Every structure is written in C-alpha cells, then in structure tokens.
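Q: Okay, handing you the structure first.
The values are calculated or read from the model by the stated rules, or taken from the named source; none is laboratory data. Keep in mind it's a predicted model, so treat the numbers as computed, not measured. All Cβ positions, even for glycine, are placed from backbone atoms using ideal geometry, and neighbour counts span all protein chains on display. Quick note on the areas: whole protein, heavy atoms, side chains included, nothing else; ligands and nucleic acids left out. Shrake-Rupley method; radii C 1.70, N 1.55, O 1.52, S 1.80 Å.
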Amino acid sequence: MIKLKILDGHADNPGDLSWDEFSKLAEVTVYDRTEQNQVVSRIGDAQAAFINKVIITDEILSQLPALRYIGVCATGYNVVDIEACKKRGIIVTNIPSYSTNAVAQHVFSFITYFTNHVALHNQSVHNGDWITSPDFVYWKEPLTELAGKTLGIFGYGNIGSKVAQIATAFGMNVICHTRTQKPGMPESVSREELFSRSDFLSLHAPLTEQTKNMINKDSLSLMKKSAFLINTARGGFVVEQDLADCLKSGGIAGYAADVILNEPMNKDCPLLGCPNCVLTPHIAWAPKETRQRLLDIALENFKAWISGNPINVVS
C-alpha cells in the first residue's frame, strides 16, 4: 500500500476536518508540524508526501529515492524545487483557486475596517462613551462611503476579479494593472497610474522578480495621502522599513495585510506597532469551508496521481 506522509497538517486541518478519505487510499501518517531537519526522516521510504510550507530542496530529494509524489496543499509552490523534481520524475501538484471567495472577503473586511471603524466604536460603546454622550450619535474617526471611491487592483486573476465584482456591488470605480488582458476587464492602467489614482489599492499578483519589493519608498510616494493599501498576496512585495516610515510620516492613510515578509512574525518586524497598520496572521484562506475545499481538491489530486492521470501538475 502507498505510504503518505503529511508533514504540516495542522495548518490545513487543526482537528475540525478529517483525513479519513485519504486513509482509504494509503497508509497515512499525519504530523502537525515538521522542522526542516526532520523532513528526510519523516518522509523516509514513503512514496507520497503532502506539504504546505515545509521546504523541499534538491538536497532533501536526493535522500528520498522512494518519493514519487508531492502534494502541495496551497496554491503557491515555491517551497518545492520544481526542477529537481522534474529531474527525478517526481510529480508535484498544487491546489488552484480554492480560496478565491475567502480571500476576497478578507480584503473587504480590511477595507471596511478603515471606512466604518466598527471595532473602535464597539469598544467605545462598551467603555460607556455612549452612556455619557450628550447626543444620540457620535463618531471617533471619520466615516467613509465606498460608493464612488476608486479601487485599484494589482493583478487580475481569480481573486482580483472577485474583488472587482464585490467592489462594483459597493458602487466603487475599479481600475487594474495586469499582464494579461481579458474580455470584460475594468479599465487597465499603468502601474504608476494605478498607484496614483487609487483610493484603495489591493495586491493580487504572484511574487516574481518583477513584483518583489515593489512597495517601496518610490512607489508609495505616488499614492494619495488619503489612500489605503491592502495586501493579501505576498509579504515579499513590501520593503517593510520603507512602508513603516511611510505610515509613521502619514504618507498614506493606512495599510492592512494578511501576509508579511517572514512568517511567523519576527519581533523586530518594522510593521509591528506601526500607526494605521492592521495585520492578521495569514488567515484569509482559513475559513472551515475553504480548508474543506482544499482537502477535497488535494484528495482528487492524490486519486488522479494514483490512477496514473495526475491533475493540477506543476512539475
């Protein structure tokens, strides 16, 4: 029977989902977390392994002659040396388009955080401020309508297009910057125009040499002082010290992100404690329904590989 080792299962399934369907296909061992120095010993003589953020290098692969399949339980697969896998005939699959709805929803939780300040006003009411208010209404920060505001989208794939759909429902004007033009897209503009025109700018492109460190002092200087930047894509887009300096000087109105450069966060991260900076711990993809969809696709990927007709192959 095929041996399947799941190396960092806790992120995808901390106990509220089931691995039982996988156990019908293979002898399964689940590890909640795996340190890099444990990868070789834990995979051992298994033919298949599932990973999320565990890194698989050429050196590691050279010590795992039985390994024939790596299932990446995420959309991004930069944690695997794909060329080394091709050289060894190891199939690598990923999970495309499973988190579109959840990530787009998270984008708007950030946007409405800045426009409606629900958390701030809820705390104020519970602190007794409404009881002592001389008026029936008060607000502690300016409130903003989204209708008529411009949302810029950098990268117009599945998530970017979903964000545009939601923005349109709010009555926002949508512009985008993307490498690939598609029918029915919003107005497509240059990168510079995207930065300068957006009231809200949301990042949805892959991390490449062209997008790495693209949020820096130069690009931030193009933005309106009243603009907000939203990042649910990759922490590597951002030069964190430049962004921290910008926030402290009021160069933009706010930044919200579900990703940072080093995860988990280092205690010296420049964004920690910055004004008007909202950070969540990489949870945009993590609703239960979304993670169940991920496991369902991972199962179909695994079944297809076993049958000799692999799908969602990236190697």
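Q: Can you say whether I90 is open to solvent by less than 30 Å² (accessible area, probe 1.4 Å), more than 30 Å from T280 (Cα to Cα) and without any contact (Cβ under 8 Å) to a residue 40 or more places away in the chain, as far as the supplied structure shows?
A: no
Q: Any idea which of A48, A74, A66 is loosely packed, with under 13 Cβ neighbours inside 10 Å and either among the β-branched types (V, I, T) or under 19 Å from P310 (Cα atoms) (or both)?
A: That would be A66, the only listed residue that is loosely packed, with under 13 Cβ neighbours inside 10 Å and either among the β-branched types (V, I, T) or under 19 Å from P310 (Cα atoms) (or both).
Q: Tally up the residues in segment 169-186 that are over 12 Å from F108 (Cβ atoms), open to solvent by 20 Å² or more (accessible area, probe 1.4 Å) and out of contact with any Lys or Arg (no Cβ under 6 Å at 6 or more places or on another chain), please.
A: Matching residues across segment 169-186 total 12.
Q: Does D16 satisfy the criteria of being in contact with a strand residue (DSSP E or B) (Cβ under 9 Å, 6 or more places away or on another chain) and either of a type outside the set (A, V, I, L, M) or under 20 Å from L64 (Cα atoms) (or both)?
A: Criteria not met by D16.
Q: Here's a follow-up. Filtering segment 3-22 down to residues that are in a helix (DSSP H, G or I) and open to solvent by 60 Å² or more (accessible area, probe 1.4 Å), which residue is farthest from N94 (Cα to Cα)?
A: Applying the filter and picking the extreme gives D20.
Q: Mind checking which helices (runs of 4 or more DSSP H) fall wholly inside segment 111-219 and carry at least 3 residues that are touching a residue at least 40 places away in the same chain (Cβ under 8 Å)?
A: 158-169, 191-197
Q: Another question, if that's okay. Taking segment 187-203, which residues are open to solvent by 30 Å² or more (accessible area, probe 1.4 Å) and touching a strand residue (DSSP E or B) at 6+ places or on another chain (Cβ under 8 Å)?
A: E187, S188, S190, R191, E193, R197
Q: With open to solvent by 30 Å² or more (accessible area, probe 1.4 Å), closer than 29 Å to F228 by Cβ and either touching a Cys at 6+ places or on another chain (Cβ under 6 Å) or small (G, A, S) (or both) as the only criterion, which of G308, G273 stands out?
A: That would be G273, the only listed residue that is open to solvent by 30 Å² or more (accessible area, probe 1.4 Å), closer than 29 Å to F228 by Cβ and either touching a Cys at 6+ places or on another chain (Cβ under 6 Å) or small (G, A, S) (or both).
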